[in-house]
Every structure is written in C-alpha cells, then in structure tokens.
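Take a look at the structure below.
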Amino acid sequence: MTTPRFLITASPHLAERDSTPKIMWHVVLSLLPVVAASIYFFGPSAVLVIAASLAGCLMTEWVFGKRETLLDGSAVITGLLLGLILPAGIPLWMAFAGGVFSIGFGKLIFGGLGQNIFNPALLGRAFLQRPGTEHLQPGAAGPGVPASGLPRRADDVARDPRELVAIEGRQLRAAAYESARGGCHDSGHPAGAPEVRADWNRAVAARNGRH
C-alpha cells in the first residue's frame, strides 16, 4: 500500500510549539511593567488591591476549577487585569470579591478557559460597579480626593496624579467662565477664584517636587 501524494487534512496545517500556558504566562510577563507603573503612581495601595484580586481569582480557581488549570496562568491574568482596572482606594474585600466573581461567574460557570463569553475581569468590575457600591460609581472621589474634587493636601497630588487632572479641569472651567465674562487675566495661569488658583499652585509645586 502506497502513501497518497496529496494528503488532505483539517487545519491547522502548521504546528506551533506554543501552548496555552506558555501564551498565558507571556501575557503575565507583559503586564508586569503596567503593574510597576501602578505601584509608582499609587503606592502600596495598588499592591494591596492587585494582591486581593489575585487572591480571589486563584482561590476560586483552586476550589471550584480543575487543579491543573491553576498553573496555566489564566487566573493570574484575570487577577492582574481586575486589580489594574480597580481604583487604588477600593476596599480590599471588594477587590477579593471581584476576583471570586470574575473566575466563578465569568469563566467557570461557562465551562472553563476558552468557553466564557465575557471577559472575566471586566465582568468582575461590572459586578462591583452595581448600584449601591459608591466606590466605583461615576463621579465618586478617588483616594485622597474629597467629593468637592479638590485635594486635601498638596502632597496628595504628588501621590495621586488624578488629583492634578481634577484641578486642571476646574481651572479650564474657571478660565472659560472668566473668558465668557471678558475677565481673563495674564497671570501665568487660568483665571479663577483665589482658592482655585491656590490649589493650582500647590498642585504644581507638589508635582515639580517629584522630579
């Protein structure tokens, strides 16, 4: 019996050495610079939030999933992504609960890796952002930022760049208001109420002190 000259088989026709765990751990490595940046900008609170979300994901995978899937890196990716898209000031129990929900209802309930129809990390954040959880609601104050949008202290701005962004937004609104009234000033920064200008000066001084 001779071998046919043309062997017809189903795709894929080119075999690669990459495996699912290898790809997953490569993604984990690619996220490490982002994790480092979050720690630089938000300090130890970022470490705690990421660790809490990782713990929730890994514990749920270990208890309810297959033991071999714990080492494929998919739960680690979900924990890292969830921790990176949560505010640095969120309570740790919420980050942990989000990790549990991400793996349990975003992955395992559909049959495991590759069967889920939603991104588990985003589903976990959506769960935490349900009505009644003010920590992730639009307009909620971040760490060190009161409801007014102004920082409590100038050194808060140096720790959390979002506070400087909030002040810049207030400055732009104040400048637009003064411009509409014909009251713009050439003072080196947008016009506005004295307390807003004072917050601006403190924020800029705190930011420059970090460099």
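The values are calculated or read from the model by the stated rules, or taken from the named source; none is laboratory data. As the structure is a prediction and not an experimental result, all values here were calculated from the model. Because the Cβ atoms are built from the backbone with ideal geometry, glycine has one as well, and the counts that use them run over all protein chains shown. Note: accessible area is taken over every heavy atom of the protein model, side chains too, but ligands, DNA and RNA are not part of it. Shrake-Rupley method; radii C 1.70, N 1.55, O 1.52, S 1.80 Å.
Being part of a helix (DSSP H, G or I) and in contact with a Ser or Thr (Cβ under 8 Å, 6 or more places away or on another chain) is true for just one of ALA46, ALA55, ALA36. Which residue is that?
Only one candidate passes the filter, namely ALA46.
Could you run through the stretch 36-52 and say how many residues are in contact (Cβ under 8 Å) with a residue 12 or more places away in the chain and over 11 Å from the mean Cα position of the chain (by Cα)?
7
Being under 28 Å from PHE110 (Cβ atoms) and either at pLDDT below 95 or open to solvent by 40 Å² or more (accessible area, probe 1.4 Å) (or both) narrows it down to one of ALA51, ALA46, ALA36, so name that one.
Selected residue: ALA51, the only one of ALA51, ALA46, ALA36 that is under 28 Å from PHE110 (Cβ atoms) and either at pLDDT below 95 or open to solvent by 40 Å² or more (accessible area, probe 1.4 Å) (or both).
Could you pull out the residue among PHE41, PHE118, PHE101, PHE105 that is under 22 Å from ARG130 (Cβ atoms), part of a helix (DSSP H, G or I) and either modelled with pLDDT under 90 or open to solvent by 50 Å² or more (accessible area, probe 1.4 Å) (or both)?
PHE105
Looking at the stretch 17-25, can you tell me whether even one residue there is at pLDDT below 80 and more than 30 Å from ILE109 (Cβ to Cβ)?
yes
Restricting to the stretch 58-89, count the residues that are open to solvent by 10 Å² or more (accessible area, probe 1.4 Å) and in a loop (DSSP other than H, G, I, E, B).
Going through the stretch 58-89 one residue at a time, the tally reaches 7.
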